[in-house]
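To keep things clear, I will list the structure first and then write my remarks on it.
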Amino acid sequence: MMELRCWGSDWGLPSVHPECLVVLAYARFAGAPLKVTPVDYTWASPKGTVPFLTSAGEDTHQPANILNFFRKQKYNADYVLSAKEGSDTLAYIALLEEKLLPAVLHTFWVDTENYCNVTRPWYASHTPFPLNYYLPGKMSRDALDRNLVTRGQPPLYSLSEVEAQIYKDAKECLNLFSNRLGTAQYFFGSTPTSLDAFVFGFLAPLYKAHLHKVNLQQHLKQLSNLCHFCDHILSAYFVSDDAGTSAAGQEAIDANLQKLTQLVNKESNLIEKMDDNLRRSPQNRPQKLSTLKPVGGAENSHSSDLLSH
C-alpha cells in the first residue's frame with residue numbers, strides 16, 4: 001500500500017496545499033490505491049517536505065517524482081497521450097510553474113492581508129506548539145525568497161515591481177489556459193491527465209479559499225470554464241461514497257479490473273484453442289487401448305497351480 005503524507009483538507013478541498021492537490025488528483029485519475037495521512041507539520045516527513053510518498057520502504061517526494069513513481073507502478077493517467085501531447089504537457093506544466101505558481105505563492109504567503117487573516121491562522125492551527133509560532137513564518141519567507149530569486153532581476157528591483165509583474169504574468173497564464181481548455185472537460189480528450197492534475201492543484205486553492213485580497217481570485221472567477229473545470233474534478237473524483245471511495249475513483253479501479261479480466265479471458269481462450277488443435281492433430285491423436293481379457297479358465301488354472309505348490 002502506498003502512503004501519502006500531505007497537508008490536510010479545508011475550503012471544500014482534499015488539501016489546501018497546491019502540490020499535495022496535484023498528487024492527490026493524479027492518484028485519483030490513475031486509480032492508484034493510496035492511503036492519505038494528513039500531517040500537522042512538515043517535519044513529520046523524513047525529508048521535511050510534503051507531499052511525501054512511502055511505498056515498500058521507498059520514499060519519494062516532490063510531485064514530478066511521485067507521479068513518475070505512480071507510472072512505474074502501472075498507474076499512468078497519461079497512457080492515452082501521443083508523443084506530441086506528452087511534450088506539450090511538459091511545456092504547459094513548466095509554464096504553470098514559471099508564470100502561475102509564483103502568483104499563487106505570493107497571494108497566500110507574501111500578501112500581508114491574506115497571510116495574516118487566512119494562511120497563517122490555518123497553518124498555525126494545524127501545527128503543534130511551539131512550531132505554530134515558527135513554521136508559517138518560515139514558509140512565508142521561503143515563498144518570498146523564491147519569488148525574489150526567480151523574478152527579482154533587472155529591471156525589477158523593488159517588491160512592488162516584482163508583485164506587479166508576477167500578477168501580470170499569472171493573469172496572462174490563466175487566459176492562455178482558459179483559451180486552451182475552451183468548452184472541453186479536460187485538456188486532452190475525454191479523460192484527465194497529469195496536466196489536468198497540475199492545473200487543478202494550482203487553481204483550486206486560489207478558487208476556493210476565502211481570501212481578503214482577491215485580485216487574482218477575481219480574475220480566475222471571471223474565467224468560468226476554469227472554475228467549472230475545478231468544480232467538475234471535485235465532484236467527480238473527491239466526493240466520497242459510503243465506502244470512502246469516490247465514484248470516479250471506483251470507476252478507474254473497475255476499469256483496471258475489467259482490462260485484467262479481458263486479458264485473462266483472452267489468454268484462456270488461446271490456451272483452449274491450442275489444446276483443441278493438439279487433440280485434432282493426427283500425430284498426437286491418442287491410440288485406443290484394447291481391453292485385455294483372460295483366456296477361459298486361465299485365471300482359475302493359474303490360481304490352482306499356485307495353491308498346489
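The values are calculated or read from the model by the stated rules, or taken from the named source; none is laboratory data. Bear in mind that the values here come from a model prediction, so they are computed numbers and not experimental data. With ideal geometry, Cβ positions are generated from the backbone for all residues, glycine too; neighbour counts draw on all protein chains shown. In case anyone asks, the SASA skips ligands and DNA or RNA and just uses the protein heavy atoms, side chains included. Shrake-Rupley method; radii C 1.70, N 1.55, O 1.52, S 1.80 Å.
Note that region 75-190 presents 52 Å² accessible area per residue, ligands and nucleic acids not counted, probe 1.4 Å. Accessible area per residue for region 2-44, computed on protein heavy atoms with a 1.4 Å probe, is 33 Å². Seen from I166, the other residues with C-beta closer than 15 Å to its C-beta sum to a net charge of -2, counting Lys and Arg as +1 and Asp and Glu as -1. Among the trypsin sites (Lys or Arg not before Pro) in region 47-95, those placed in a DSSP loop whose Cβ has at most 14 other Cβ atoms within 10 Å are K47, K74. At full extension, S125 and D10 could sit 40.2 nm farther apart than now, given 0.36 nm per residue minus the alpha carbon distance.
Of the accessible area of region 1-121, computed with a 1.4 Å probe over protein heavy atoms only, carbon and sulfur atoms account for 49 percent. Computed over region 39-152, the Cα gyration tensor eigenvalues convert (square root of 5λ each) into semi-axes of 30, 21, 11 Å, ordered from largest to smallest. Taken over region 1-78, the convex hull of the Cα atoms encloses 82 Å³ per residue.
Temperature 37 °C, viscosity 0.692 mPa s: under these conditions the Stokes-Einstein estimate for region 164-235, based on its Kirkwood radius over C-alpha pairs, is 261 µm² per second.
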